[in-house]
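S.K.: Quick one: this structure, given as structure tokens, is what I'll be asking you about.
The values are calculated or read from the model by the stated rules, or taken from the named source; none is laboratory data. As the structure is a prediction and not an experimental result, all values here were calculated from the model. Positions of Cβ are backbone-derived with ideal geometry, glycine not excepted, and every protein chain shown enters the neighbour counts.
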Amino acid sequence: MDVCRLEDFKTAFEKLDEAVDIEIGSGNKEFEEMDPLIVKALGGFALLYHELRIGAVTADVDSTVGIPDCFKRIIKKVGKELDMPEDWLNDHSKSDMASVEGKWELISWKMKHIQIYVLNTKELMIDKCGWAEKNLSGLMLTDRDDVKDLNDFLGILWKLGIKYNTVDELRIELMRFDLDINDYPNVKNYIENDLNDDGVIWS
């Protein structure tokens with residue numbers, strides 16, 4: 001399957017945790033001497049966990065923490081077993097963001113060898129608004145990402161029940177999340193034009 005639900009990822013992580021047990025049981029010293037794998041996920045997986053993704057599916061789990069090669073081998077194996085993408089868990093988004101305190105929430109799935117954190121709701125909203133701004137400015141345009149992040153941002157507003165009839169009303173609402181829409185002029189203009197042209201009211 002090309003896209004997965006939160007339940008699919010939970011099953012995959014549980015399988016991955018079991019696979020580490022098997023590796024340790026077979027005497028694989030790489031795993032015996034290793035600390036638990038830390039996953040700090042943003043993007044679609046974090047939106048799924050917080051129930052903020054319209055459609056409730058995503059392709060993969062993007063971790064901002066590097067994943068050891070020995071883990072990548074069994075991640076690929078689990079993906080094949082479950083008919084998921086082989087890189088269903090990856091570190092393509094590896095960055096310094098992982099070390100910033102106060103942005104992450106620990107998922108309470110019980111596993112011995114893996115700890116999963118997701119970006120919190122406030123930081124997700126800011127992150128998606130930032131990517132949407134870059135996409136709309138033409139700096140990061142691709143065949144699909146040009147609308148995906150904007151749709152995610154608008155979806156977060158809808159899911160959180162943020163109501164507005166004007167951009168000024170939206171700005172007041174977003175200030176509660178330490179997000180000033182005036183700092184994102186392309187997103188602001190898009191929403192303003194949408195309201196003016198189509199009469200769209202998020203309520």
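S.K.: Does V65 meet the test of being within 30 Å of F31 (Cβ to Cβ) and in contact with a strand residue (DSSP E or B) (Cβ under 7 Å, 6 or more places away or on another chain)?
M.R.: The answer is yes for V65.
S.K.: Which residues, counting only those in the stretch 148-199, are assigned to a helix (DSSP H, G or I) and basic (K, R)? If you could, list the steps in order and put the result at the bottom.
M.R.: Residues of the stretch 148-199 that are assigned to a helix (DSSP H, G or I), as a first pass: 148-159, 167-177, 181-183, 185-198.
If the condition is that a residue be assigned to a helix (DSSP H, G or I) and basic (K, R), then K148, K159, R171, R176, K188 are the ones that fit.
S.K.: Answer yes or no as to whether M97 is at pLDDT below 95 and either assigned by TED's automatic domain parsing to the domain that holds D17 or more than 19 Å from G44 (Cα to Cα) (or both). It would help to see each step written out before you state the result.
M.R.: Working: at pLDDT below 95: yes; either assigned by TED's automatic domain parsing to the domain that holds D17 or more than 19 Å from G44 (Cα to Cα) (or both): yes.
Here the answer is yes, as M97 does meet what is asked.
S.K.: Which residues, taken from the stretch 107-119, are part of a loop (DSSP other than H, G, I, E, B) and either surrounded by 15 or more Cβ atoms within 10 Å (Cβ to Cβ) or aromatic (F, W, Y) (or both)? Working first, answer last.
M.R.: Pass one, the stretch 107-119, residues part of a loop (DSSP other than H, G, I, E, B): 107-113.
Matches in the stretch 107-119: I107, W109, M111, H113.
S.K.: Considering only residues of the stretch 182-203 that are among the β-branched types (V, I, T) and in contact with an Asp or Glu (Cβ under 9 Å, 6 or more places away or on another chain), which is modelled with the lowest pLDDT? Before the answer, list the steps.
M.R.: Restricting attention to the stretch 182-203, the residues satisfying the condition of being among the β-branched types (V, I, T) are 187, 191, 200-201.
Checking which are in contact with an Asp or Glu (Cβ under 9 Å, 6 or more places away or on another chain) leaves us with 187, 200.
Working: V187: 94, V200: 46.
Per the stated criteria, the residue is V200.
S.K.: Among strands (runs of 3 or more DSSP E) lying entirely in the stretch 1-106, which contain 2 or more residues that are surrounded by 12 or more Cβ atoms within 10 Å (Cβ to Cβ) and touching a residue at least 24 places away in the same chain (Cβ under 8 Å)?
M.R.: 37-42, 61-63
S.K.: L136 - would you say it is buried (at least 17 other Cβ atoms within 10 Å of the Cβ) and closer than 27 Å to D8 by Cβ? Spell out how you get there, then give the answer.
M.R.: Numbers: buried (at least 17 other Cβ atoms within 10 Å of the Cβ): yes; closer than 27 Å to D8 by Cβ: no.
Answer is no for this residue.
S.K.: Restricted to the stretch 100-138, and to residues that are among the hydroxyl-bearing types (S, T, Y) and within 12 Å of the chain's Cα centre (by Cα), which residue is modelled with the lowest pLDDT?
M.R.: Initial filter on the stretch 100-138 (among the hydroxyl-bearing types (S, T, Y)): 108, 117, 121, 137.
Then drop every residue that is not within 12 Å of the chain's Cα centre (by Cα), which leaves 117, 121.
Values: Y117: 97, T121: 93.
If we take residues in the stretch 100-138 being among the hydroxyl-bearing types (S, T, Y) and within 12 Å of the chain's Cα centre (by Cα), then T121 is modelled with the lowest pLDDT.
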